[in-house]
Protein chains: 2
Amino acid sequence: MTQKSGIAAVAETAGVSVSTVSQVLSGNRPVSEATRAKVNAAIAELGYTPHPGARSLRSRRTESIALLVPDITNPFYPLVAVGMQDVLLPAGYLLSILDAGSQSGTGRLLGHVLERRFDGIALHIDGLSDADRARLAESGTRVVALGRDIGIEGSDYVESDDAGGFAKLGEHLLGTGRRRIGFIGGEEESDPSRLRLGGLRQAFAGAGLDYDDASTVFTSFTRDGGRDGVAALYERRTDWDAIVCANDLIAIGAMDELRRRGLSIPDDVAVTGYDDIDAAALVHPSLTTVENPAREIGRTAARLLLTRLAGDGDDAPTQHITLSTRLVVRDSTTSPIPQER
Amino acid sequence: MTQKSGIAAVAETAGVSVSTVSQVLSGNRPVSEATRAKVNAAIAELGYTPHPGARSLRSRRTESIALLVPDITNPFYPLVAVGMQDVLLPAGYLLSILDAGSQSGTGRLLGHVLERRFDGIALHIDGLSDADRARLAESGTRVVALGRDIGIEGSDYVESDDAGGFAKLGEHLLGTGRRRIGFIGGEEESDPSRLRLGGLRQAFAGAGLDYDDASTVFTSFTRDGGRDGVAALYERRTDWDAIVCANDLIAIGAMDELRRRGLSIPDDVAVTGYDDIDAAALVHPSLTTVENPAREIGRTAARLLLTRLAGDGDDAPTQHITLSTRLVVRDSTTSPIPQER
DNA sequence: CTGAAAGCGCTTACAG
DNA sequence: CTGAAAGCGCTTACAG
């Protein structure tokens, strides 16, 4: 008995050929019951685990999927991850979550991610330069985009109806008599920021009102961003009666800063968020927001990826799935009549 | 020009041997400036990316590390992940976060994780059976344990001073006159639950008081767990004046349920958490808790792993690093005199 | 139903 | 400083 390892060792102790071991492992061709039993016994005896490197070297598959997120501490993304796992684990894929640390970090991490040859990758394409996008396309890695079309042949995308959600928020605020409405976006170059602002504009237009561009500031999709955004808005004017924020984290930061300035919510200023993370119901006053179906986004993205991975892929037309959103009215907007401080 | 791919294609267009290309890539032996330039030009021209499977097949290394967490939607873990990335990315390692979905899921996911042959793996060992632990040890994968010794030769561990933190919480509550103190743990078999309860006991002992075992219930480390825990405690008696929860999520759920029962916090009952997640400062009343230095735990774990990976490993004695914790007093405990409801 | 053999894309002694 | 060759552990035609 020589010092073989891996599949060769299994073959030797089972008294069969290496190919046969491989076949019982993969199930790619019929193996007699007796042989299968011998092989499985040998596998158990030796505690054999296939080497994924060797396997992927031949099969060109890694059976693993990456989710590349701009900020894993934003509670939206863990939910997307959980949704993807719901679908991927039963299908035999391992999901790796990779944190870029910031929107602009996504491009920086992309090279590392492509090197690893994941079978598929889900990502928010904001923060990707055109060059990054081209690299992704060339890599041949299956991509599913979260939030917007990435413009690669055969790459599907899932989004929630951001514009519709912000239109509902806008209608709600206008309906309660608010008129001096400011908007705090995330990164200016980001599509969610634009789409969400677009929804708000749409609400204004629907009510026959003009939206003033000077009511918009851009920061980042973080709590700090919300603080900065309020500061920037109040440099422009001080009579805001509502602040619409591009996500809940921004809204929570905005509330911090408004309170620090001695303003009362919602009496002086209403505040709204987006995503409906757990914290939205926990802050005081509780935050009016829009439910962004994060887990369902994850599930859908995973299913799209699996479908492409199973078929031969590029032939099918690009799929674009939009998930609807739901307005969640809470205390941060519900007092329609401004009172004195 | 034949249809070579990978390193062979690079070698061909650069006019050098395959080994030379490998050497400029790895830097494992000196290469002349001129040769290096030719090779790099060819790499750029072909858009060559090394195949990680082939590489790991020979080198026995994957340059990737896994963080296996019981629940990625618990905001504690994303922070640990960020801390690990702080250290790993500059060192050339990719961190994959893997979500077990629950404490008991950790064992189930372990097999998948070991198969992938990560160079190192960081995990909370709660939820691991002895068999799982044995599998880990046999796999030869570098392990760093979060929270407690895993009992594998050469495996280090990082913990925060849970017992100390709960002793401080206990002293704080006893110091404000609370005496009927209930404890809601997470999973009963989990070490954090036991350690944290131990800290509370220690505070009682320090004050010359007895802690009643009937004051303890175990649920799970989730918001739902907190709701269930309160229900269980109030089946036993109804005159609690403080509820100590094993983490912030439990505490938030406990507050939900106390409020539903018409109890006022902290006037009727004080509530405390552990971790100091963002939500702790956002709930109303804000939650007295203990800061658990999640990001620093991640950084430390990553450093321990890298040190083992760099050296030849097992010779060095097991390292055990304890990070101190800090009491954060907020509104959920600050009204010492019980009032009527 | 089973086996022998080629080859996936690298790294690493070995030789010069 | 550079190259030819073996081999890491698998999968997959090819043959029987």
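The values are calculated or read from the model by the stated rules, or taken from the named source; none is laboratory data. Remember, it's a predicted structure, so these values are computed and weren't measured experimentally. Note: ideal-geometry Cβ built from the backbone for every residue, glycine included; neighbour counts use all protein chains shown. The protein model used for the area step is the full one, side chains on, heavy atoms only, and it has no ligands, DNA or RNA in it. Shrake-Rupley method; radii C 1.70, N 1.55, O 1.52, S 1.80 Å.
Summing both sides, how much accessible area is buried between A and B? Use a 1.4 Å probe and give Å² to the nearest 100. Looking at A and B, the buried total is near 3400 Å². Across the copies of the chain, B:Pro30 has label points (7 Å from Cα along Cα→Cβ) spaced 6.4 nm apart, shortest distance listed first. Working from Cα pairs under 8 Å separated by at least six residues, relative contact order for segment A:135-271 is 22 percent.
Between the helical axis of B:294-310 and the longest alpha-carbon principal axis of chain B there is an angle of about 40 degrees.
Rounded to the nearest 10 degrees, the angle from helix B:130-139 to the longest Cα principal axis of chain B is 20 degrees. For chain B, the share of accessible area belonging to carbon and sulfur comes to 48 percent (1.4 Å probe, ligands and nucleic acids excluded). Across the identical copies, the label point of A:Ser104 (7 Å from Cα in the Cβ direction) is separated from its matches by 4.7 nm, in order from shortest. Please work out the C-alpha center-to-center distance from segment A:81-148 to segment A:1-38 and express it in whole Å. Using only Cα atoms to place each centre, the spacing works out to 36 Å. From the square roots a ≥ b ≥ c of the eigenvalues of the alpha-carbon gyration tensor of segment B:162-292, which class results: rounded (a/c under 1.5), prolate (a/b over b/c), or oblate? Rounded.
Rolling a 1.4 angstrom probe over the protein heavy atoms with all chains in place gives chain A an accessible area of 42 Å² per residue.
Under the simplified labelling scheme, the A:Ala54-A:Asp210 pair shows an inter-label distance of 7.3 nm, with each label point 7 Å from Cα along Cα→Cβ. Relative to the longest principal axis of the Cα atoms of chain A, helix A:162-175 runs at roughly 20 degrees. Projecting 7 Å from Cα along the Cα-to-Cβ direction, the label point of B:Gln319 sits 4.8 nm from its equivalents in the other copies, listed shortest first.
Within straight-line reach of A:Lys4, meaning a Cα separation under 16 Å, sit the following aspartates and glutamates at least 8 residues removed in sequence or on another chain: A:Glu12, A:Glu45. Label positions at B:Ala137 and A:Lys4, each projected 7 Å from the Cα along the C-beta direction, are separated by 3.0 nm. For segment A:193-227 versus segment B:255-331, the inter-centroid distance based on Cα atoms is 36 Å.
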